[in-house]
Amino acid sequence: MFEARLVNSAIFKKVLDAIKELLNEASFDCSESGMQLQAMDSSHVSLVSLNLKSDGFDKYRCDRNLTMGMNLTSLGKVFRCSGADDTVTIKAQDDADTVTFMFESKKDKISDYELKLMNLDQEHLGIPETEFSCIIKMPSGEFARIVRDLSQFGESIVISCTKEGVKFSAQGDIGTGNVKLAQTNNFDKEEESVIIDLQEPVTLTFACQYLNSFTKATPLSNQVTLSMCENVPLVVEYQIPELGHLRFYLAPKIEEDEN
Amino acid sequence: MFEARLVNSAIFKKVLDAIKELLNEASFDCSESGMQLQAMDSSHVSLVSLNLKSDGFDKYRCDRNLTMGMNLTSLGKVFRCSGADDTVTIKAQDDADTVTFMFESKKDKISDYELKLMNLDQEHLGIPETEFSCIIKMPSGEFARIVRDLSQFGESIVISCTKEGVKFSAQGDIGTGNVKLAQTNNFDKEEESVIIDLQEPVTLTFACQYLNSFTKATPLSNQVTLSMCENVPLVVEYQIPELGHLRFYLAPKIEEDEN
Amino acid sequence: MFEARLVNSAIFKKVLDAIKELLNEASFDCSESGMQLQAMDSSHVSLVSLNLKSDGFDKYRCDRNLTMGMNLTSLGKVFRCSGADDTVTIKAQDDADTVTFMFESKKDKISDYELKLMNLDQEHLGIPETEFSCIIKMPSGEFARIVRDLSQFGESIVISCTKEGVKFSAQGDIGTGNVKLAQTNNFDKEEESVIIDLQEPVTLTFACQYLNSFTKATPLSNQVTLSMCENVPLVVEYQIPELGHLRFYLAPKIEEDEN
């Protein structure tokens, strides 16, 4: 028997919105410690890693480890049916081929949706612990905005990080663009701060398309963390308050992209 | 001479928005008692019945009975030209082949639009008085939401009504969905109540497509009434405050739809 | 060296939005007195004339006259990157083949975008001073609304101006529409007033398509001025507060359009 309850179903909806552009289908691995999902995007370039801790749920029970493969478009339809203030309960039998989502509203309305489970091939990738050259913490909305803006000018974005700040750059046929953020000195509003933890300066190039997909997670958190190191995938991490985190991994482009 | 004046032209605009998805053209029958419209939708499955009482208008004069056939797309264009706070006056001569809509705003702006009338074949259907097995009164927005949500899962919605409440269900390839509304016990907010007047329990199946079209009338009223009885068309009724009502009729599907 | 600074970059963005439907590319002529742009729309029917006075800028320096040809779609992309509260600085060297736009936000964010300049054929049209038969000053939003509404009924709009007011008319297959605005007597709210300066009554016909394009300038100003005279192009003028003006010129249709 698996049962997980979240008073705020909107969080799960935001998680789905954050990953369904990259993943058509995915397996949720449920165990005593929580729900996890790890999958390469459909073009096998970037990696999505979701971790929801069992003690972040309002109720959580998992008698036996369980892998639930789902079509994320179908799952998206189910969560489109949830109201903003609904509670969600996810339920599955140990040997089930379906999973049930029950939404309860404050009014006398109860909805339940049953989805068929899928058997998906899964390859679990070990993600090595990395010592990063720099870790940038910045407002998630600002990161989304910069990626969107610079995507107009080229297919790649160069991210350069020094002690003073971060620079995002793009160039293409119509011209070039550079956006510079200085490290914040005044920490009145932590959410708006740009904080850089630097071992050594780094300059790396990434494909706009994937960065843009990652920023679909912006509604999950006010802050995003970018961890960079030469020859190692960039990690873009969104904390999910009290529940866990969503991470995206993307390898840097090796040659500089002139487009 | 026909002349009808509504200080709040937005009501008429909402009526139009409610019916123009189902009807391409329609005849308004004007008499001393008011304006009426009755027509099968363009695929001849559902029936639309509109009744606007003469004493609900701010001014109403109808010297001779008059039938005004109009293209509802053209009429929609005319009402797109009305401001939110405009007064509308509808005018036609007894033997006219045009009708005029005059909009007056609080500022010194007067607009008039003249539409050509059409001769439309009309079959007036007698709608027999029916004793219904159950009559459900519920928030119109909730009804629209449920129909929209369940339409994602199948082409039909099963509505089951008992003393305890109403259940809406749909099933299809990706799974099944059920939404249950309990009858309201606490009547503090009448607009939000679900009230069931039950003679005997009923379970009937209806095509989502038409139910969805009916819910275009949601802005007309906070409440909707669903009247159901075995082997008799469902009646979906929206009261138009102080002016009349808009009713939709839809026959139940005879065999259960597995799709 | 050319350098022009506007604390409110949103004004320049609105100017761009106002002209980029009519013009694909255009040359900005920069001199000590300010920035000017004059160009026929891409179908060579209407004329756009923009004048931004040097003393309306927060900083302005132009050592040598300079003509900067730009693709307005590219320029639109640059200004899409500006935040609502950003300051913009436009910079070019005297003999440059690029121009730089620098945006500064109140937070520690600085962006710069470099665009390639283009060599555009230019024909400077002398616009003769005209004594107009009537000059109508009216709310710009009302003008945009009327043009949009009447465009539904025909391809042309007839504008008739007398001492009492202005009438806009259109007719087509589905019917006719007339919108009458009376001259305002009560001048409490100047922005909402309709003021007519009349030498003699005029009735002229214009193509909806161009009038609709002109109204893209509505966000620039609460008021618009229409100047009309027999056999002379209509002038539609939007004042840009403290900075200058944007004018559109459109010749009247000679025969009455029956469509």
Checking the condition over 30 Å from B:L6 (Cα atoms) and buried (at least 20 other Cβ atoms within 10 Å of the Cβ), which residue from B:G172, B:G154 passes? B:G154
Scanning for something buried (at least 21 other Cβ atoms within 10 Å of the Cβ) and of a type in the set (G, A, S), does the stretch A:178-193 turn up at least one residue? no
So which residues in the stretch B:46-55 are open to solvent by 20 Å² or more (accessible area, probe 1.4 Å) and in contact with an Asp or Glu (Cβ under 7 Å, 6 or more places away or on another chain), if there are any at all? B:S54
So, of the residues in the stretch B:85-119 that are at pLDDT below 90, more than 10 Å from chain C (Cβ to nearest Cβ) and open to solvent by 40 Å² or more (accessible area, probe 1.4 Å), which turns out to be nearest to the chain's Cα centre (by Cα)? B:N119
Any hit, the stretch A:156-176, residues being within 21 Å of C:K106 (Cα to Cα), of a type in the set (A, V, I, L, M), in contact (Cβ under 8 Å) with a residue 12 or more places away in the chain and within 14 Å of chain C (Cβ to nearest Cβ): yes
For the stretch A:136-151, which residues satisfy the criterion of being open to solvent by 10 Å² or more (accessible area, probe 1.4 Å) and either away from chain C (no Cβ under 12 Å) or in a helix (DSSP H, G or I) (or both)? A:K137, A:G141, A:E142, A:A144, A:R145, A:R148, A:S151
Pairs please, first residue from the stretch C:232-259 and within 18 Å of C:E155 (Cβ to Cβ) and open to solvent by 10 Å² or more (accessible area, probe 1.4 Å), second anywhere and modelled with pLDDT of 95 or more and charged (D, E, K, R), Cβ atoms under 7 Å, 6+ apart in sequence or on different chains. C:D257/C:E155; C:N259/C:E155
Return yes when C:V7 is in contact (Cβ under 8 Å) with a residue 60 or more places away in the chain, of a type in the set (V, I, T), open to solvent by 30 Å² or more (accessible area, probe 1.4 Å) and out of contact with any Leu (no Cβ under 8 Å at 6 or more places or on another chain) and no when it is not. yes
Filter the stretch C:107-135 for residues that are more than 30 Å from A:T176 (Cβ to Cβ) and assigned to a loop (DSSP other than H, G, I, E, B) and give the result. C:E123, C:H124, C:L125, C:G126, C:I127, C:P128, C:E129, C:T130, C:E131, C:F132, C:S133
Just for the stretch C:57-82: of the residues that are within 14 Å of chain A (Cβ to nearest Cβ) and open to solvent by 20 Å² or more (accessible area, probe 1.4 Å), which one is nearest to C:E25 (Cα to Cα)? C:N71
Here are the criteria: (1) surrounded by fewer than 20 Cβ atoms within 10 Å (Cβ to Cβ); (2) small (G, A, S); (3) within 14 Å of chain A (Cβ to nearest Cβ); (4) part of a loop (DSSP other than H, G, I, E, B). Tell me which single one C:S43 does not satisfy. (3)
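The values are calculated or read from the model by the stated rules, or taken from the named source; none is laboratory data. As the structure is a computational prediction, the values presented were derived from the model and not from experiment. All Cβ positions, even for glycine, are placed from backbone atoms using ideal geometry, and neighbour counts span all protein chains on display. Calculation scope for accessible area: heavy atoms of the full protein, side chains included, ligands and nucleic acids excluded. Shrake-Rupley method; radii C 1.70, N 1.55, O 1.52, S 1.80 Å.
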